[in-house]
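Right, one structure below, let's go through it.
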Amino acid sequence: PHLAALVLARGGSKGIPLKNIKLLAGVPLIGWVLRAAIDAGVFHSIWVSTDHDEIEKVAKQFGAKVHRRSPEVSQDSSTSLEAITEFLNHHREVDIVGNIQATSPCLHPSDLKKVADMIQKEGFDSVFSVVRRHQFRWSEVKKGDNKMTEPQNLNPAKRYRRQDWPGELYENGSFYFAKRHLIEKGYLQGGKMAYYEMRAEHSVDIDIDIDWPIAEQRVLSFGYFGKEPLKEVKLLVCSIDGCLTNGRIYVTEDHKEMVSYDYRDIVGIDLLKKRGIQVRFISDRDCSKTLSAMQLGCVAKVSVTNKLQVLKDWQEDMGLSWKEVAYLGNEESDVECLKQAGMSGVPADACAAAQKAAGYICKSRGGCGAVREFAEHIFLLLEKVNSARKQ
């Protein structure tokens, strides 16, 4: 049977405009779940249902197909079931839908693989995600009512210790898998039904119980970053024009060139070097005088016609794996380097091709703190590497 992943992502949002493609830890929000769905390797097709051009663009960048939903199922009052039903009406080849919530950025491929087995091998008609919570519930008393609240799931005289109480299961909304015949009857849950319990640290729902800065920290700690485990970065290669500088060149009357840079980026470079990470620079043009004036004390290669070859030469000379190499670029000439490096980033104003190839998109523009921001991102991921080693 054809198992399709479907992410619902309309453009309208009452809280955060275009929330589904807002950058979370350097990746569009929807990108986190699309990456997990693709790497799970269990779906015959992966779709994003949207009514917005920008969301369509991001979805395709991450390798998903796009179903353009109709205005009728794109309203604030439209339900997920209505959008899924419309999708199925247009795609008769699909037998099972795995509806994945775009706002669950800590979803991992391992969860999706296990749920696919439950549907395809164990014969369940529907499977949905839950999380275990240890919360005591009390009855609600409306203001003005002369009533007392009552315990719902505890005896106040014999309160459980957390370790002695298994807790309760709550839907966390990360995903709902269901066979076509159920959805056509108007159900997302039904038939031979089962839940899948997710780990609490992976149960992040931005829509319900978390704000953006907290979510970024959770994702950096518990998110899925790719098939291969992260390694400690030992080399950062940075494109000069458009990353270290803003890409503008000022020419004086006596034909001398001038560029500007942000001191925050210089601090970021120093911090990287203090952590034992080599920083090297690369450029398509001859900007050796500019680098000399900056006095960065870093290896640099200018007038480069093949950036990827230079990057390979440096990687081999240092005896590094690609997972130990980070690259910050911004132009089409950087694309192959961005794809090859284990950790890649671009400034906010990088060209579209570079943004598509990068793993992290900075909030800062080139020459305005992007290097420092990418350095901070590297430090956070190194904390994740060190934490994994301790475990």
(message) Going through the cross-link list K227/K384; K274/K307; K19/K363; K231/K356; K114/K192; K273/K339, which pairs have a Cα-Cα distance over 18 Å in this structure?
(response) K274/K307; K231/K356; K273/K339
(message) Please list, ordered by chain and number, the residues whose modelled amide H lies under 5 Å from the amide H of K192; skip anything fewer than 5 residues away on the same chain.
(response) D125, S126
(message) From the phi angles alone, apply the Karplus equation (6.51, -1.76, 1.60; θ = phi - 60°) to region 373-383 and give each ³J(HN,Hα) in whole Hz, x where the residue is Gly or Pro.
(response) 5, 5, 4, 5, 5, 4, 4, 5, 5, 5, 4
(message) Can you list residues from other chains, or at least 5 along the same chain, whose modelled amide H is less than 5 Å from the amide H of V66?
(response) V48
(message) Can you pull out the GluC sites (Glu not before Pro) in region 215-297 whose DSSP state is coil and whose Cβ has at most 10 other Cβ atoms within 10 Å?
(response) E253
(message) Using protein chains only and a probe of 1.4 angstrom, how many square angstrom of Y250 are accessible, to the nearest 10?
(response) 100 Å²
(request) Could you name the aspartates and glutamates whose alpha carbon sits less than 16 Å from that of K65, not counting residues in the same chain fewer than 8 places away? (result) D39, D51, D53, E54, E56, E86, E93
(request) Could you calculate, for region 43-155, the ratio of the Cα radius of gyration to the Kirkwood radius, expressed as Rg to Rh? (result) 1.11
(message) Using Cα springs under 10 Å in a Gaussian network model of the chain, which residue among K179, K121, K60 shows the largest mean-square fluctuation?
(response) K121
(request) Enumerate the amide H contacts of V27 below 5 Å, restricted to partners 5 or more residues apart or on another chain; note that Pro and chain-start residues carry no placed amide H. (result) I361
(message) Which three extents, in angstrom, do the Cα atoms of region 1-59 have along their principal axes, listed largest first?
(response) 37, 24, 18
(request) Provide the descending list of Cα extents for the chain along its principal axes, expressed in whole angstroms. (result) 82, 54, 46
(request) List, in order, the whole-Hz ³J(HN,Hα) value for each residue of region 320-332 obtained from phi through the Karplus relation with A = 6.51, B = -1.76, C = 1.60 and θ = phi - 60°; use x for Gly and Pro. (result) 9, 7, 5, 5, 9, 10, 10, 9, 10, x, 8, 10, 4
(request) Please work out the average accessible area per residue across region 235-389, using the 1.4 Å probe convention, and give it in Å². (result) 48 Å²
(request) Pop out the ³J(HN,Hα) list for region 162-175 in order, Karplus 6.51 cos²θ - 1.76 cosθ + 1.60 with θ = phi - 60°, rounded to Hz; leave Gly and Pro as x. (result) 3, 6, 9, 10, x, x, 10, 9, 10, 4, 10, x, 4, 7
(request) Please build a GNM for the chain, connecting alpha carbons under 10 Å apart, and tell me which residue among S139, S104, S344 fluctuates the most. (result) S139
(request) Report, in debye and to the nearest 20, how large the dipole of region 232-391 comes out about its Cα centre when Lys and Arg carry +1 and Asp and Glu carry -1 on their Cβ. (result) 640 debye
(request) With 10 Å bins from zero, work out the P(r) of region 235-389 over every alpha carbon pair and list the percent per bin. (result) 11, 44, 36, 8, 1, 0
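The values are calculated or read from the model by the stated rules, or taken from the named source; none is laboratory data. Model, not experiment: these values are computed from the prediction. Here the Cβ is made from the backbone with ideal geometry for all residues, glycine too, and neighbour counts use every protein chain on show. These area figures cover heavy atoms from the full protein model, side chains too; ligands, DNA and RNA do not enter into them. Shrake-Rupley method; radii C 1.70, N 1.55, O 1.52, S 1.80 Å.
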